[in-house]
Structure formats: structure tokens, C-alpha cells
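Asks: Attaching a single structure in C-alpha cells format; questions to follow.
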Amino acid sequence: MSNRTRTTAEAAPHSWDLEHWPTAVYPHTTGRARYVLRAHRDELLAAGVITRVGRELVVLGARYTRWLESRSTEVPDFAIAANRQATADTAV
């Protein structure tokens, strides 16, 4: 079964403004959401995830979900200590 047809999480709301970030949607808080939008601004704009209505930034839920899913290809290359194989000279 492909990742596109498998539902793995609750669907995001249709849209929301930055000040009222849904707690069920990553990154769960407005403060952290501001960071994600600032850090990935160009990618989010290119994907059509954020728009402006008057003075408010609005996140389009379906596009945000697709953008999050597109980032899943980066997980296998994510190196943390727990993922590294121990060698004889680093074993304690």
C-alpha cells in the first residue's frame, strides 16, 4: 500500500490563522508554529501552504498536510546517536 492512500493521522482542519493554531496539528503551539513558518517560509510559500488574508497569515490545512508528508523522505538520512551502529573502538 502506498503512503498516499494510507491514512496515518487525523485530518487537519480546512484552514486556520496563525494565532489560533490547532493543538492537534504539528507543531501544536502558536509559538512553535511561528518558528516553523519562519524557518521554512520559502518552502511553504512554494507549496501554497500559507496565504495572507488582510493582515493575517492563514494556513491551508490540506496543503500543509501534503507538505508535512513530503518531508518524510528526509527521515532515513536523519542521523542521531541512537541510529548509529556501535563500533569496537566506541563501545564502552
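The values are calculated or read from the model by the stated rules, or taken from the named source; none is laboratory data. Please read all numbers here as calculations on a predicted model, not as lab measurements. Every residue, glycine as well, gets a Cβ built from its backbone with ideal geometry; the counts of neighbours run over all protein chains shown.
Asks: Arg32: of a type in the set (Lys, Arg), modelled with pLDDT of 95 or more and surrounded by 12 or more Cβ atoms within 10 Å (Cβ to Cβ), yes or no? Explain how you work it out, then say what you get.
Replies: Working: of a type in the set (Lys, Arg): yes; modelled with pLDDT of 95 or more: yes; surrounded by 12 or more Cβ atoms within 10 Å (Cβ to Cβ): yes.
So Arg32 passes the test.
Asks: Could you list, ordered by first residue, the pairs with Cβ atoms under 8 Å in which the first is in region 24-37 and on the phi > 0 side of the Ramachandran plot and the second is among the hydrophobic types (A, V, I, L, M, F, W, C), at least 6 apart or interchain?
Replies: That search, which allows pairs on different chains as well, returns His28/Trp21.
Asks: Quick test for you: out of Asp77, Asp42, pick the one residue that is modelled with pLDDT of 90 or more, over 16 Å from Glu19 (Cβ atoms) and surrounded by fewer than 10 Cβ atoms within 10 Å (Cβ to Cβ).
Replies: Asp42
Asks: Among what's in region 55-74 and is charged (D, E, K, R) and not in a loop (DSSP other than H, G, I, E, B), pick the residue that is modelled with the lowest pLDDT. Don't jump to the end; show me each part of the working.
Replies: Pass one, region 55-74, residues charged (D, E, K, R): 55-56, 63, 66, 69, 71, 74.
Narrowing the set further to residues that are not in a loop (DSSP other than H, G, I, E, B) leaves 56, 63, 66, 69, 71, 74.
Numbers: Glu56: 91, Arg63: 94, Arg66: 92, Glu69: 89, Arg71: 87, Glu74: 75.
The qualifying residue modelled with the lowest pLDDT is Glu74.
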